[in-house]
Amino acid sequence: MLFELIREHQLNIMLNLCAVCTTMAIMLLFTRFLRPGRKRILVFMLVLATCLLGFDRLAYVYAGDSTSKGYIMVRVSNFMVFFLTSVIVFSFNMYVMDILKNDMKLELIPRRMWIVHIMSVIGMLLAAVAAFTGLYYTFDENNQYHRSGGFLIAYIIPVVGPILIYSVIRQYRKQFSKMIYISLVLYIFFPILVGIIQIFTYGLSIVNMAMVLVSVSLYIFTYLDINDEVERVHKLEMDNLLEEHKSMKRLFEQTAMAFVTAVEKRTPYSQGHSKRVASVARTLARNMNKSDDECDEVYYAALLHDVGLAAIPDEVLAETKDTEEGTNEILRQKPVIGGEILDNIREYPYLGKSVLSACERYDGKGYPEGLSGDNIPEISRMIAIAEAYDKMTVKQGSNNPLPEPVVREEFVMGAGDRFDPDMSNLMIHLMDSDLKYVHEEMDEAVEKELTCGKYRESVSKGIPVDSTVTRISFKCTPDSTDSKTFSGPSIILFDSFDRHVHRSKKSINAYHYTEYGEVWFDGHGICTGARKMETDKVEEHSDDDGYYITASRYEDHLKIETVSSAYRTESIFALPDRTKAAYIGITGENCHITDIDVSRSIEETVEGDIRRIAEEISFIDRIESDVANVQIDRYRSSTTTGMKVEDRLRIGFHAMALPSATLVWHCPYIVLFYSDDKTVGGKNYHEYALIKLNGEYEAVEVEARNEFKMNKSSDFQGWNIWKEEFQKGIECEVLLLRKGKSIRLYTDTLGIKIENTTIPDDDPREVYVALTGDEVALTDIRLWNN
């Protein structure tokens, strides 16, 4: 069916293919990306293919024409068809040789290529001989073409020649580009395949049509190869430009770092400060979804924020190393000088502007220009956060780093005043995610050995004691051979933000250090900060020279059991209240403690496991209204039952911070949630929002979209007053409005105004609200719907 269709439209197909091939040849003449020699050969091959098919068409047109013109045209056309077939093999061989010589730089062309040249010339001569002898074809009295007995000889050179060429191509295939290799293989084997078919389809010129098609494909694949090469070169250039750009950035960073290091050499207490600030600022930028280039800008500006110190006299730096920059008029010029220095880097104009405004405050009380809010460049606001974090968490001169909770509180209290509130909240979130002082606290390593001279000269890091059973063991050897000198280990029971024992008044206040008491392995003990302590001891004699401690806690009572070769003791402490943490510090006098090992079991201490020696202290012995009173001793340790949020719900309650509360987030929290049993953490629990009345919104693991807004009204008198009022106890009120999926929350507590809209990710039919908090007592909880 296909061959009949081709036979019917053969002349038109041939004419159209000739037109296409001619067009390609003309277009190729205007190509600039090919070498002139290669372009000439390709044009020649396209012209040959056009002529081949053109003469083949003329042979069909004049076949059977008995006129003198027909007689001549038939013979000339058939001669040219056989002649040009060998010429095409010759030109294709030239094309491949050009690639080998000029693209692959082969100095010695394979002999097979020269053999193909000779074969092609022989083919041309045989075509001429056949025209006069009838070797390939003959004509009858009607001027019709007929194949002769030697017709197949005409196929030897067009078949064998390309196969020899392919053997060379195959030999060097790895050096050909993919597109060129495909085009050469196609050019060789497609006409051969079609030629085999033509042997059995007399009257069709599908071989010559195939030659035109592969000639056109040669042009197309050459263009595709050019495109690939252009893309490759472009990519190479872009890679080079990118590497050059990276190299310039590295050079800039190294130069900036060298300059910063030189400046910091003048102030040894701040060495490494600029790089740390730059790293924190970049982390802020990254978490604000800034691009890589924007993050780099933040990093470099923060890295260079202190360059103004280069012009500050040494005596000023020496005098003010332990004071705030803003209190010294000369140091207040640091951002101005830094901005002037960096303004000279005209390629990065943001550097000078960012450094100039790095000491501004969000409330407009900073310097040098008194800018406020969004008028302060965004990078400057990031630098202010990062620099404050580094100064608070790294030792500065004689100032020790602040404990993490205190640092966190500084950002909470500084939001909207000293710092950009959104960036301050992000910094708080990053600190909470870092988990250094909460979630990883249990895993921090304790020293494996201690050398104790004078009593309490060396004390281990605090080992947490909670409701699970903690076991400690170690060896102890005396350092003194004098039998009159006391030698032995002991235990200090304490609480501290950093899990270390402190002695100076300054560090005791900074780290909120409380010491409950001391225990010796012979049964002696001292009660200091605990409400009460009772110790029982039993003498025993054992060959085991190890020391063993078992500690557990239930609410405000703590039990420590010790075992040594001479005594077994049990000490019970009544802590000030349930809110305080408790740590064991191992120490001693004139001894060497080794092989300290700490393990924690899965055993939970329950009521009755520890004998109560003092009455439980409760801060919720007040009036109880619609919902049961609740005392929250630690972060979300207790909650009220869930209260269903319908169209309108108003909650009023009395809140009082517990005596141990010292931080601004020691206050009530509001939880929006769903669970099957209406309790926080219950079956099928989904949490939608956690709002703290101090103006914080906790976005960890919530399953809803929240739009949180907080601002300070004129009623806000400062955070110290806020904490004082909560210690006395205040009345709080929360309003919740529900419309469909949306729940809006309003509250105003001592001037901290909060508005939050919660839209759960799912579509719960019921949403509940519960009250919780941290170190706070909630009483007289009332509900009404107006």
Can you give me the pair-distance distribution of region 267-398, C-alpha pairs, 5 Å bins, whole percents? 2, 11, 20, 25, 23, 13, 5, 1, 0
Checking a compactness column here: for region 89-246, what do you get for Rg(Cα) / (2.2 N^0.38 Å), N being the number of residues? 1.36
Cα-only Debye scattering, region 481-602: base-10 log of I(q)/I(0) at q = 0.13, 0.14 Å⁻¹: -0.56, -0.65
Any idea what angle helix 36-62 forms with the longest principal axis of the chain, computed on alpha-carbon atoms, 0 to 90 degrees, nearest 10? 50 degrees
Give me the angle, in degrees from 0 to 90, between the Cα long axis of helix 404-414 and the longest principal axis of the Cα atoms of the chain, rounded to the nearest 10. 80 degrees
Bin width 10 Å, origin at 0, all Cα-Cα pairs of region 539-690: what percent of pairs per bin? 8, 26, 28, 19, 11, 6, 1, 0
Among ILE752, ILE463, LEU58, which residue has its Cα furthest toward the positive end of the charge dipole of the chain, with +1 on Lys/Arg Cβ and -1 on Asp/Glu Cβ? LEU58
Accessible surface of the chain [probe 1.4 Å, protein heavy atoms]: carbon and sulfur percent: 55 percent
Accessible surface, 1.4 Å probe, highest first, among residues HIS500, HIS524, HIS654: HIS524, HIS500, HIS654
Mind pulling the angle between the C-alpha long axis of helix 206-264 and the longest principal axis of the chain? Nearest 10 degrees, somewhere in 0 to 90. 30 degrees
Which residues' amide hydrogens lie under 5 Å from the amide hydrogen of VAL627, considering only partners 5 or more residues apart or on another chain, with H built in the peptide plane? ILE781
What FRET efficiency do you get for SER148 and ASN102 if R0 is 60 Å and r is their Cβ-Cβ distance, rounded to the nearest 0.05? 0.90
Using all alpha carbons of the chain, what is the percent of pairwise distances in each 10 Å bin, ordered from the shortest bin to the longest? 2, 10, 14, 12, 11, 9, 7, 7, 9, 9, 6, 3, 1, 0, 0
Hey, what's the Kirkwood Rh for region 620-664 if you take every pair of different alpha carbons, in angstrom? 12.7 Å
For the ranges 719-732, 63-76, what's the packing order if you count other beta-carbon atoms within 10 Å of each residue, average per peptide, and put the highest first? 719-732, 63-76
Net charge over other residues, Cβ less than 12 angstrom from the Cβ of GLU515 (K, R count +1; D, E count -1): +1
What whole-number value in Å² describes the accessible area per residue of the chain for a 1.4 Å probe? 49 Å²
Can you give the convex hull volume per residue for the Cα atoms of region 741-786, as a whole number of Å³? 136 Å³
P(r) tail fraction, region 98-171 - alpha-carbon pairs more than 14 Å apart, %: 68 percent
Compute the normalised compactness of region 658-718: alpha-carbon radius of gyration over 2.2 N^0.38 Å, N being the residue count. 1.37
Just how many % of Cα pairs in region 183-304 lie over 22 Å apart, if you round to the nearest whole percent? 64 percent
A correct Karplus calculation of ³J(HN,Hα) over region 286-302, with 6.51 cos²θ - 1.76 cosθ + 1.60, θ = phi - 60°, whole Hz and x for Gly and Pro, returns 4, 6, 9, 6, 6, 5, 4, 5, 5, 4, 5, 4, 4, 4, 5, 5, 5
Under Stokes-Einstein, region 662-786 at 4 °C and 1.567 mPa s, with its Kirkwood radius over C-alpha pairs, diffuses with a coefficient in µm²/s of 85 µm²/s
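Using only alpha carbon positions, build the gyration tensor of region 8-88, then give the equivalent ellipsoid semi-axes as the square roots of 5 times its eigenvalues, largest first, whole angstrom.
29, 14, 8
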Dividing the convex hull volume of the Cα atoms of region 364-409 by its residue count, what figure in Å³ per residue is obtained? 98 Å³
Return the calculated 222 nm mean residue ellipticity for the chain, to the nearest 500 deg cm²/dmol, obtained by summing -39500 (n - 2.57) across DSSP H runs with n ≥ 4 and dividing by the residue count. -13500 deg cm²/dmol
Convex hull (Cα only) mean projected area of region 1-159, reported in nm² to one decimal: 11.5 nm²
Roughly how much of LEU108 is accessible, in Å² to the nearest 10, using a 1.4 Å probe? 140 Å²
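The values are calculated or read from the model by the stated rules, or taken from the named source; none is laboratory data. Not measured: the values here are computed from a predicted model. Using ideal geometry, Cβ is built from the backbone for each residue, glycine included, and neighbour counts are taken over all protein chains shown. To get the accessible areas, we keep the full protein, side chains included, count just its heavy atoms, and leave off ligands, DNA and RNA. Shrake-Rupley method; radii C 1.70, N 1.55, O 1.52, S 1.80 Å.
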